[in-house]
Amino acid sequence: MAKQPRDLSGKVIVITGGARGIGAATARALVAVGAKVVIGDLDEELTQKVAGEIRATGYRLDVTDHAGFTKVLDQVEADLGPVYALVNNAGIMPLALIEDESEATMDRQLAINLAAVIHGTREAVKRMKPRRSGHIVNVASLAGKLGTPGAATYCATKHGVVGLSEAVYFELKPFNVDVTCIMPTIVATELAAGLKKSALSGQVQPEDVANAIVRSLQRPKLEVTVPGYLGTVARIVRVFPRRVGDTFAKVGGTDKLLASAAHSPARAAYEARAVESAPGIAEL
């Protein structure tokens, strides 16, 4: 007999990069099931606006400021109670061939996409492990399983999040704390500006990822791909020799999907803000 889904009503759930895109969609979906939702984002004005609209709580949060990140979590627990779940969602995806990528762009991706997730995960563990209760959700990408030209550093950061999630999953298994790694394909947010749809990847909506996050909190699972069938595709590709995977990528159009958009005028504004991490950009 299947277990009943976990009841999230009244549970305090923190979402980084929560004012737009996947984060905002996840916040709405969690409020709908009764959770006490906290959204943290660099854009304080938008954060408060979204929080007010959906009856959540908003805090200004720069995930690269580790001391500030910790302080926000401390404040959430003082204001609302123990954090049951942390959704590490904040991330950026600048595109460039590896030799064209600037040091600043590389550093920002490592700081936001990986170091901040490690810090957030560590802080969540410190709180949840002694309570023997909680759930950490790290939003990675299918790029964390399959490298994609035009986004080498991005792929490296997402591979790091996948590895982090699996390692911490085993560390926390004896303590009743769950870990989930969400791996979506291209999501139709500002991050996907200038990208074409391919035969293999297509695009999903932020709400699709949000619903997957809610389901994972209700029925914990380590790895979740969005859409689900791409998880099977990724596993099959890895079983066969490299030339089969190369052909698969070429036929599916993923071999040039990101690289071809690296200099798209449609991405210019996003790319500029991603490197500068202007308010509102640090989210999927």
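Would you grab the residues whose amide H sits under 5 Å from the one on R6? Only those 5+ places off in sequence or on another chain, please, with H modelled 1.01 Å from N.
Close amide H contacts, sequence-distant or interchain: R219.
Amide H neighbours of G134 under 5 Å, counting only residues 5+ apart in sequence or on other chains, H built in-plane at 1.01 Å?
The list, which skips near neighbours in sequence, is D178.
Per residue, how many Å² of accessible area does the stretch 1-114 show with a 1.4 Å probe?
On the way: 5010 Å² over 114 residues.
Each residue of the stretch 1-114 exposes 44 Å² on average to a 1.4 Å probe.
Measure off 7 Å from each Cα along the Cα-to-Cβ vector at R215 and F175, then give the distance between these two points in nanometres to one decimal.
2.9
Output the peptides 216-222, 75-81 sorted from most to least packed, where packing is the average of other Cβ atoms within 10 Å over each peptide's residues.
216-222, 75-81
If we sort 107-114, 138-145 on the protection proxy, mean other Cβ atoms within 10 Å, highest first, what's the order?
Values: 107-114: 21.0, 138-145: 26.8.
Highest-to-lowest ranking by the protection proxy: 138-145, 107-114.
Run the dipole for the stretch 27-120 about the Cα centre, Lys and Arg Cβ at +1, Asp and Glu Cβ at -1, nothing else charged, and hand back the magnitude in debye, nearest 20. Let's see the in-between values first.
On the way: 7 positive and 15 negative charges, 128 e Å.
Approximately 620 debye in magnitude.
Do the alpha carbons of any pairs in K49/K173; K145/K173; K49/K129; K49/K71; K3/K49; K36/K145 sit beyond 29 Å of each other, and which pairs?
Flagged as over cut-off: K49/K173; K49/K129; K3/K49; K36/K145.
Describe numerically, in nm with one decimal, the distance between label points set 7 Å from Cα along Cα→Cβ at A78 and at D7.
For A78 paired with D7, the spin-label model returns 3.1 nm.
For the stretch 79-198, take every pair of Cα atoms, bin their distances at 10 Å starting from 0, and report each bin as a whole percent.
Computed distribution, short to long bins: 13, 42, 29, 13, 3.
Which ³J(HN,Hα) values in Hz, rounded to whole numbers, follow from the phi angles of the stretch 101-111 under the Karplus curve 6.51 cos²θ - 1.76 cosθ + 1.60, where θ = phi - 60° and Gly and Pro get x?
7, 7, 4, 4, 5, 4, 4, 5, 5, 5, 6
If I stretch the segment between A67 and R122 completely, what's the gain in nm (0.36 nm per residue apart, minus their alpha carbon distance), one decimal?
18.6 nm
³J(HN,Hα) across the stretch 77-82 via Karplus (A = 6.51, B = -1.76, C = 1.60, θ = phi - 60°), whole Hz, x for Gly/Pro?
For the stretch 77-82, the Karplus curve yields 5, 5, 7, 10, x, x Hz.
Rounded to the nearest Å, what's the spacing between the alpha carbon centres of the stretch 27-44 and the stretch 121-195? Just the number, please.
19
Let's see if you can work this out: charge +1 on each Lys and Arg Cβ, -1 on each Asp and Glu Cβ, no other charges. What is the dipole magnitude of the stretch 123-204 about its Cα centre, in debye to the nearest 20? Write down the numbers at each step before the final one.
Values: 10 positive and 5 negative charges, 34 e Å.
Charge dipole of the stretch 123-204: 160 debye, to the nearest 20.
The values are calculated or read from the model by the stated rules, or taken from the named source; none is laboratory data. Note that the structure is a prediction, hence the values are computed from the model and not measured. All Cβ positions, even for glycine, are placed from backbone atoms using ideal geometry, and neighbour counts span all protein chains on display. To get the accessible areas, we keep the full protein, side chains included, count just its heavy atoms, and leave off ligands, DNA and RNA. Shrake-Rupley method; radii C 1.70, N 1.55, O 1.52, S 1.80 Å.
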